[in-house]
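Take a look at the structure below.
The values are calculated or read from the model by the stated rules, or taken from the named source; none is laboratory data. Computed from a predicted structure; not experimentally measured. Glycine also receives a Cβ, built like all others from the backbone with ideal geometry; neighbour counts cover every protein chain displayed. Calculation scope for accessible area: heavy atoms of the full protein, side chains included, ligands and nucleic acids excluded. Shrake-Rupley method; radii C 1.70, N 1.55, O 1.52, S 1.80 Å.
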Amino acid sequence: MSAEQTRKPVRTASRSRRGMPPAATNALKLLGLLVVLLWCLFPFLWMAMTSLRTGSAALTDPNIFQGPFSFGNYEEVLGQGFHFALRNSLIVAATTTLICIPVASLAGYALARLPLAGKFALLAATLVATLFPPVALVNPLYQMYMRLNEWTGINLLNSYTGMVVPYVALTLPLSIFILATFFSGIPKEIEESAKVDGATPFQAFLKVVAPLAAPGVGAASILTFVYATNEFLLAFSFAPRDLNVQTVPVFVGTFERVGYENPIGQIMAASVLVSLPLIVFALILQRRIVAGLTSGAVKG
């Protein structure tokens with residue numbers, strides 16, 4: 001019996017064990033991906049379509065494709081000062097991210113590389129700090145801001161600083177934990193090679209280790225930026241009505257009603273507008289994350 005005759009039964013048996021041809025398997029995988037994609041994107045589709053609907057149809061008719069449609073909701077939102085709220089949210093989120101990520105990078109690198117006593121306990125305490133409820137900070141921080149204004153004349157209420165300080169405190173622990181995990185996964189041989197070539201420890205961290213930790217830096221930056229943009233409780237407590245510092249969540253939560261009408265269309269329009277910068281920010285960092293994943297390695 002020839003070799004080809006002996007191989008044919010083996011191929012037939014292996015195909016029967018798989019149960020279905022590769023084309024059907026790929027079709028099922030594609031179908032599953034489409035279902036997951038539709039499940040994830042449907043809330044955004046509903047939000048976008050509702051923002052374009054006018055009149056009472058947005059509340060009474062569940063069909064999101066039923067008109068009339070117009071950009072009137074966007075005009076009303078922009079007419080009430082939404083662009084100021086969006087500016088404030090971007091300033092607060094960007095400042096929080098620019099402060100949090102460098103500090104978290106240095107702290108995470110220290111926890112990952114330095115021979116610290118009780119390193120595991122420090123990392124565990126850092127992670128536990130992320131579980132601290134923000135509502136518990138409202139009253140103490142408000143009282144502290146009032147006393148600080150009385151004693152020194154520094155008013156942190158109705159200011160960017162009054163929001164940035166607690167945002168950094170709340171996002172820093174999780175960022176440290178994420179970056180410490182990424183720094184631990186980078187081989188030490190890379191740093192040793194840089195030091196052999198004459199780099200100082202800080203230069204090795206800044207020019208060699210930090211670029212390789214770009215996935216962790218990108219993930220921590222996205223989480224920090226999104227949290228600072230979406231946070232409502234502290235922003236509402238410290239800057240409830242001042243349009244010069246009021247953020248988007250507070251603007252949407254205190255949206256002016258016309259009579260007894262529920263402004264669902266205007267709220268969805270504001271949600272769409274505030275989502276666009278977040279999507280752009282995530283797409284920009286996504287490219288950075290992919291570059292960090294594919295760049296740098298120990299050559300054998």
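With the requirement that a residue be among the aromatic types (Phe, Trp, Tyr) and part of a helix (DSSP H, G or I), what does the range 69-92 give you?
TYR74, PHE82, PHE84
Between PHE255, PHE182, which is within 18 Å of the chain's Cα centre (by Cα) and of a type in the set (Phe, Trp, Tyr)?
Criteria check complete, one pass: PHE182.
Pairs, please: C-beta under 8 Å, at least 6 apart or cross-chain, first residue without any contact (Cβ under 8 Å) to a residue 12 or more places away in the chain and in the range 130-147, second open to solvent by less than 60 Å² (accessible area, probe 1.4 Å) and not in a helix (DSSP H, G or I)? These pairs meet every condition: MET146/LEU157. Quick check: anything in the range 51-58 at negative phi, out of contact with any Ser or Thr (no Cβ under 9 Å at 6 or more places or on another chain), open to solvent by less than 70 Å² (accessible area, probe 1.4 Å) and modelled with pLDDT of 50 or more? Looking through the range 51-58, at least one residue is at negative phi, out of contact with any Ser or Thr (no Cβ under 9 Å at 6 or more places or on another chain), open to solvent by less than 70 Å² (accessible area, probe 1.4 Å) and modelled with pLDDT of 50 or more. VAL165 passes every criterion in (1) closer than 19 Å to LEU234 by Cβ; (2) open to solvent by less than 70 Å² (accessible area, probe 1.4 Å); (3) free of Cβ contacts under 8 Å to residues at least 40 places away in the same chain; (4) in contact with a Leu (Cβ under 8 Å, 6 or more places away or on another chain) apart from (2). Can you find a residue that is free of Cβ contacts under 8 Å to residues at least 12 places away in the same chain, of a type in the set (S, T, N, Q) and in a helix (DSSP H, G or I) anywhere in the range 173-185? Within the range 173-185 (the criterion being free of Cβ contacts under 8 Å to residues at least 12 places away in the same chain, of a type in the set (S, T, N, Q) and in a helix (DSSP H, G or I)), the answer is no, since none of the residues qualifies.
Among the numbered criteria (1) modelled with pLDDT of 75 or more; (2) open to solvent by 40 Å² or more (accessible area, probe 1.4 Å), which one does ALA297 miss? Every listed condition holds for ALA297 apart from (1). Scanning the range 114-128 for residues that are of a type in the set (Gly, Ala, Ser) and more than 16 Å from THR181 (Cβ to Cβ) turns up ALA117, GLY118, ALA121.
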